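Participant: Below is a structure I'd like to ask you about.
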Amino acid sequence: MSLIMPQIKNKQRRGEMYKKFLKEKRKVKMEEKKKRKKEENQLGSKAPPKKKPKTIENMRVPDETMVDPTNEETVLDLEQDEMAPYFKQETTPKILITTCDRPKNKTNSFIKELKKVIPNSVVKYRRGLDLKKIIPQAIAKDFTDLLVVNEDAGEPNGLVLCHLPDGPTAEFKMMNVKLCKELKRLGEMSDHEPEINVHNFNTRLGVTIGRMLTCLFPHRPNYRGRRVVTFHNQRDFIFFRHHRYQFRNAEKVSLQELGPRFILKLRSLQKGTFDSKSGIYLWIHKRHEMDTSRRKFHL
Amino acid sequence: MATTMPCIGEVELISKSFTMNQHLFNIFTGTSTGLLKGSSMCDKNFANLNSMDSCSSKGKEITCMCWWDSKERNLLTGLRNGQVLNYWLEVGVITNIPKSVPAEKSILRSIKAVDKKILISAFNTGKLNCEHFNFDSTSSTSCVKQLNAEIEINSGQDLFCMDHNLSFQNQVATGGKENPLKVWDINSPTNPIFTAKNVPNDWLNLRVPVWVMKTQFLHNSDKLVTGTGFSQIRLYDPAAQRRPVIDIQIKDSKYPITALALRPSSDFQLIVGTTIGNLSLYDLRKKDLVQNYKGFAGGITDVKFHAIHPYFAACGVDRYVRCYEVDAHKKEMHSLFLKSELNCLLLSSSWSLDDQGHSIEKYTQSDLLSDTNLVEDKKETLNEDNNDESVWDQMEVIKTKKRRKQLTLPSKSKVKKNSK
């Protein structure tokens, strides 16, 4: 019927036919649904399993860079990378947070909230200093990471995360920054060291990014505080959330949101400390070349 | 095994780890973890030729590679700490080359070997070592360093690249950051034959910084091509002048050139790779881009051409090795994910991407000799082609007027050849 329809030249009749066609289609669908429900009620647990809906995530283009954490070579690679001293518990994280020059109000309060979220961190005003001059000073003072929040039109829109002393440097686009005061039903933040939850970073690039984000937080969380910081990757967007949890019973957990929210998207990952001119890039987002498929993800 | 092998001089057998089927591999890549990988592009598989235990520290990172001789049976890898390892591919044996290793903190940047006799190694401190070796062909693993045959050249600070001239075998070129391009004679290590002069000041009358990232000699000549850290491609002709003869600024990108390879079949075309993963074919006469190649997500560390076929392979820090056909489509023909960051790459000349070549790869161990003969045959046929073209060189150049200054490039005979 759908084939005949375009051949009908009278628009009114064609419309009528189309409506009729939709009605019939719906009728069939509803009948099928009824039948399935009946079956489910009759058979109970023996009923055929529900069909899984197709989503962009589960139709993801296969990626050969997916990391198998048990692979000997991957283990060797990870043991030799720049974040390895943290995971061997040789260094304790100490973070320097700063902004672009002359930050507006929102960025200022955002970095103050970030300071509350990340233990052992220091906020410094940029004072027009070059990042390349800040980095050697920060290394001399034993900082392990440098966070720079950039803004546009008073809205924080970029984040540079530089692992010290010898890289790598990740540059993110930052979106939807919600400060504490903009969120409803917010809890009070405590001083306990948070747990960190880095979720769904599966490719080789994703593992590096996940390790860099983990590096910001202390090794041993204070489980009494029940604070948890989440970096959740979904379709290459990294969602930051900060919660306090409480186990109601063995199955149910209740969450209370505590801190700011924001979304990160990776723009580039560069080897070594910040040097956008002559540094070699491990990965750089090339829009026209890479964004050819909606089902292709990099993290 | 190590105890039974005769140890001559400082030779030490490190391990016999990799298997005999190595000659199926046609691309060898050195990684920053220290693993040497052999990969076969057609079959899409790869294997590590050395063991994981041998690459425990950062000093074992493979920074450069080359063939011991033109027969491509021995592969040399230069480690970051200055060691050079010899991979005897047919037997599957790794030995240490008894060369002098300098003090700590210097990084080995490049090695070149000349016919199993001379090994030239360049360090980032500017030191250049030329050592002579006696290679015993009867036992595969032994080679002895000739005493009193070591030449040391100090080429200035921050060396980034070194190349050896295949046609004039005593010429070596070096260059680095604020260290202009120099050509050295191995036999007279005190003074360079040629030192490049910086280009004229820019339009603000400011000095143009020098940063030679890659250099390569043109085929059968002493001309040089360099790629700089400010994305310029330059051609030097030592016979003509000290400043570059051709200077190309890559448009709309100021990223350093980290890989450069001249096309074997042409004197004017070269592939250039940058730190953000732009891979493009440039023409020196056109002074412009010919074609871009797609696929790389991270910086390119090495590009190599196939000796005979119009293919090239490139590797990068995004852990991929990719093969392209030069005049064909922008997309890669083959790509392979190798799990570690790749620093350098070598192509085996017996490799071919068509089906015929595929069968060549599958020769068994006993056929290996004929295999190498086949390669030489191919090279001979190539030489014949050259003979055809040498007719043009023999022709008399018709001059209308006496020229004040001899033109350097392109020479008249070559223009004719290419217009053909």
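Participant: In terms of solvent-accessible area of protein heavy atoms at a 1.4 angstrom probe, what is the ranking of B:Arg263, A:Arg227, A:Arg294, A:Arg60, highest value first?
Facilitator: A:Arg294, A:Arg60, B:Arg263, A:Arg227
Participant: Hey, another quick one. Name the residue from A:Pro62, A:Thr91, A:Val75 whose Cα lies farthest towards the positive end of the charge dipole of the range A:14-170, charges +1 on Cβ of Lys and Arg and -1 on Cβ of Asp and Glu.
Facilitator: Positive-most Cα among the choices belongs to A:Pro62.
Participant: Could you give the accessible area per residue of the range A:49-124, probe 1.4 Å, as a whole number in Å²?
Facilitator: Result: 62 Å² of accessible area for each residue.
Participant: How much solvent-accessible surface does A:Met66 expose, in Å² to the nearest 10, with a 1.4 Å probe and all protein chains in place?
Facilitator: Answer for A:Met66: close to 80 Å² accessible.
Participant: Let me ask something else. Count, for each residue of A:281-288, the Cβ atoms from other chains sitting within 10 Å of its Cβ, then give me the mean as a whole number.
Facilitator: Whole-number average of other-chain Cβ neighbours for A:281-288 is 6.
Participant: Okay, next question. Express the C-alpha Rg of the range A:140-299 as a ratio against the empirical globular expectation 2.2 N^0.38 Å, rounded to two decimals.
Facilitator: Expressed relative to 2.2 N^0.38 Å, the Cα Rg reads 1.12.
Participant: Counting only protein heavy atoms and using a 1.4 Å probe, what share of the accessible area of the range A:153-299 belongs to carbon plus sulfur, as a whole percent?
Facilitator: 45 percent
Participant: Now a separate question. Taking every eigenvalue of the Cα gyration tensor of the protein assembly as shown, multiplying by 5 and rooting it, what semi-axes result, largest first, whole Å?
Facilitator: Taking √(5λ) for each Cα gyration eigenvalue gives 52, 34, 30 Å.
Participant: With a 1.4 Å probe and every protein chain left in place, tell me how much accessible area B:Glu152 has, in Å² to the nearest 10.
Facilitator: 100 Å²
Participant: Compute the distance from the alpha-carbon center of the range A:45-109 to that of the range B:308-334, in whole Å.
Facilitator: Using only Cα atoms, the two centres lie 30 Å from each other.
Participant: Order B:Glu325, A:Glu16 by their accessible area, 1.4 angstrom probe, all chains in place, largest first.
Facilitator: Of B:Glu325, A:Glu16, the descending order of accessible area is A:Glu16, B:Glu325.
Participant: Using a 7 Å offset from the Cα along the Cα-to-Cβ direction at both A:Lys34 and B:Arg285, what is the distance between the two label points in nm, to one decimal?
Facilitator: Between A:Lys34 and B:Arg285, the simple spin-label model gives 8.0 nm.
Participant: Moving on. At 1.4 Å probe size, put A:Arg13, B:Arg73, A:Arg235 in order of accessible surface, largest to smallest.
Facilitator: These residues rank, largest area first, as A:Arg13, A:Arg235, B:Arg73.
Participant: Take every residue in peptide A:203-215, count the Cβ atoms of other chains within 10 Å of its Cβ, and give the average of those counts.
Facilitator: Averaged over the peptide's residues, the number is 1.
Participant: What does the charge dipole of the protein assembly as shown about its Cα centre add up to, to the nearest 20 debye, if the Cβ of each Lys and Arg holds +1 and the Cβ of each Asp and Glu holds -1?
Facilitator: 5460 debye
Participant: To the nearest 100 Å², how much accessible surface do chains A and B hide from each other in total, with a 1.4 Å probe?
Facilitator: 2300 Å²
Participant: In the full protein assembly as shown, how much of B:Val321 is accessible to a 1.4 Å probe, in Å² to the nearest 10?
Facilitator: Roughly 0 Å² of B:Val321 is accessible to a 1.4 Å probe.
Participant: Same structure, new question: Against the longest principal axis of chain A, how steep is helix A:131-140, in degrees 0 to 90 to the nearest 10, with axes from Cα atoms?
Facilitator: 60 degrees
The values are calculated or read from the model by the stated rules, or taken from the named source; none is laboratory data. Small disclaimer: the values here were computed from a predicted structure and weren't measured. Reconstructed Cβ throughout: ideal geometry from the backbone, glycine too, with neighbour counts over all protein chains shown. Surface accessibility is based on the protein's heavy atoms, side chains included, excluding ligands, DNA and RNA. Shrake-Rupley method; radii C 1.70, N 1.55, O 1.52, S 1.80 Å.
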